[in-house]
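Just below is one structure, and these are the notes that go with it.
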Amino acid sequence: MILPQAVILIFLFALGISTGSFLNVVVYRLPREMSLVQPGSHCTSCGKPIAWYDNIPVFAWFFLRGRCRHCGAAFSFRYPLVELLTGLLFITLYWGYFSQNLRQPMPEFFDSGWLIYLGHIALLSALLAATLIDAEHWIIPLSLCYIIVGLALFLSLFWPYALDVPANQLWRLVPYAGPKSAALAGGAALGLAISLLLIRLKILKRSFHELIEAEIAAENQQKNHKITNQAQTMQSDSRSSPQNTEKQPANPPPTEPPTDLPEIPENIRREMFREILFLAPILILALGANYLLTSQTSLGSAWEKFLLDQKWASGLLGCVFGFMIGGGVVWVTRILGSLAFGKEAMGLGDVHLMAAVGAMLGWTSPVIAFFMAPFMALGWALARLVIYRSREIPYGPFLSAATFLVMLFHDPIVEYFAVILIPP
Ligand SMILES: [Zn+2]
């Protein structure tokens, strides 16, 4: 099929600004624990529903001069800006992948390249939403990360079959594990299941357990005080989820002191020890599986043959490996940083975010992005230090921006490090 480039770009731009319109809803409602579908778009000032023609991305805002048709209340300029930005991200990714051929060996868009594009724009959309929420509320909603991980697990099963790419080149574009990383990923997944079970059985305690309990108690108290006609809360990231999956305040905003919570002495060493205990089964089983499955025995050769025959398993385990490495790099840094500085460094939201990036893109991308992000954050951090005398910044936006750059410039970066690490 041959379509003029311009037609494709216009279509993808329209898709992008419509997605951006939905992201505006996500960014407003998700941190407020409101439903994403009900009620439909309405003016927050007069409550009147917004007609479809007043809800056309980007254009309607300018058409209405940024005001509600009924009551004249001003709508933030942020709405059309986010829509425009999403549209630009969608066409930039297409331009980079299929027009400039930045990623090799990328199949043609209409052959099977669109399958990769689909996963990557889903990730970009989630990263943009996480960025906007993190910048405003200092949290990263874990449901966003879980959606991406779920989609990545699903896609990774089919990519090895659907993509017109030789098996030994797949890792350049999508998660695809060799025998060693597949064994590590399998063991790690088993360890993660065991750790989550131990938390569920209350044998292990999640870190900041007491703090979270106190928060829940305080919140319940507040709820009893005022009867809210709040819409259904999001269930996916409810308090019952294991480990500290509740939206962790990455770093409490310095301008807003936490609401009158009961004083609980924070023992950062104890909390980090709990997190190390959680990670221990994952590490031990990963190394154990690697030892068993990649040995020069019949088991080792059976494992190799299994992965060659069952490409879906290589894809799936590549996705799991990316998840573990992406999350692991941030988590290890968090534990070391917290122990070194005596206070929580990097949120568990950041851990989940990079785990999701690794699940969708494979293990190399989150590692590169993680080491790129500090350089991007540096200028911002210095400005904040000078202007607000604040040493804390939300880190999600910089991880997200770095990830976008890695998506585009993955190949030259990997090549560069390959030259350094594997001298000719
Ligand atoms: Zn209104």
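Every number in this text was worked out from the coordinates using simple rules, so none of it is lab data. Predicted model, so just to flag it, every value in this text is computed and none were measured. Here the Cβ positions follow ideal geometry from the backbone for every residue, glycine too, while neighbour counts run over all protein chains shown.
Gain in length, L15 to W52, computed as 0.36 nm per residue apart minus the alpha-carbon separation, to one decimal in nm?
Length gained between L15 and W52: 11.7 nm.
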Under the 7 Å Cα-to-Cβ spin-label approximation, R29 and L277 lie apart by a distance in nanometres of 4.0 nm
Where in the chain are the DSSP H helices whose C-alpha atoms run 18 Å or more along the long axis and whose mean Kyte hydropathy is at least 0.0?
5-29, 78-94, 114-137, 142-162, 179-200, 268-293, 311-341, 348-361, 364-388, 396-421
Plugging the Cβ-Cβ distance of A135 and L299 into 1/(1 + (r/R0)^6) at R0 = 51 Å yields, to the nearest 0.05, a FRET efficiency of 0.55
For the residue pair L88 and L382, what label-to-label distance in nm results when each label sits 7 Å from Cα along the Cα-to-beta-carbon direction?
2.4 nm
Provide the FRET efficiency to the nearest 0.05 for the A167-Y416 pair, computing r from the beta carbons and using R0 = 41 Å.
0.95
Per its Cα gyration tensor (rounded if a/c is under 1.5, else prolate when a/b beats b/c, else oblate), the chain is best filed as oblate
What list do you get for V386, V25 if you sort them by fewest beta carbons within 10 Å?
V386, V25
Work out the count of Lys pairs in the chain where the Cα-Cα distance is under 26 Å, with the pair 8 or more places apart or on different chains.
10
Roughly how big is the chain's charge dipole about its Cα centre, with Cβ charges of +1 (Lys, Arg) and -1 (Asp, Glu), in debye to the nearest 20?
440 debye
How much length, in nm to one decimal, is gained on full extension between L198 and L157, taken as 0.36 nm per residue of separation minus their Cα-Cα distance?
11.9 nm
With a 10 Å cut-off between alpha carbons and a GNM built on the chain, which of G327, G87, G178 moves the most?
G178
Order of 199-208, 48-57 by packing, highest average Cβ count within 10 Å first?
199-208, 48-57
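Provide the gained length on full extension for the span E219 to V7, in nm with one decimal, where the gain is 0.36 nm per separating residue minus the Cα-Cα distance.
71.2 nm
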Sort F371, F404 by Cβ crowding within 10 Å, fewest neighbours at the top.
F371, F404
Yeah, the stretch 1-117 with a ≥ b ≥ c from its alpha-carbon gyration tensor (a/c under 1.5 is rounded, else prolate when a/b outruns b/c, oblate otherwise) is prolate
If L399, L285 are placed from fewest to most neighbouring beta carbons inside 10 Å, the sequence is L285, L399
Quick shape check on the stretch 103-229: root eigenvalues a ≥ b ≥ c of the Cα gyration tensor, a/c under 1.5 is rounded, otherwise prolate if a/b tops b/c, else oblate, and it reads oblate
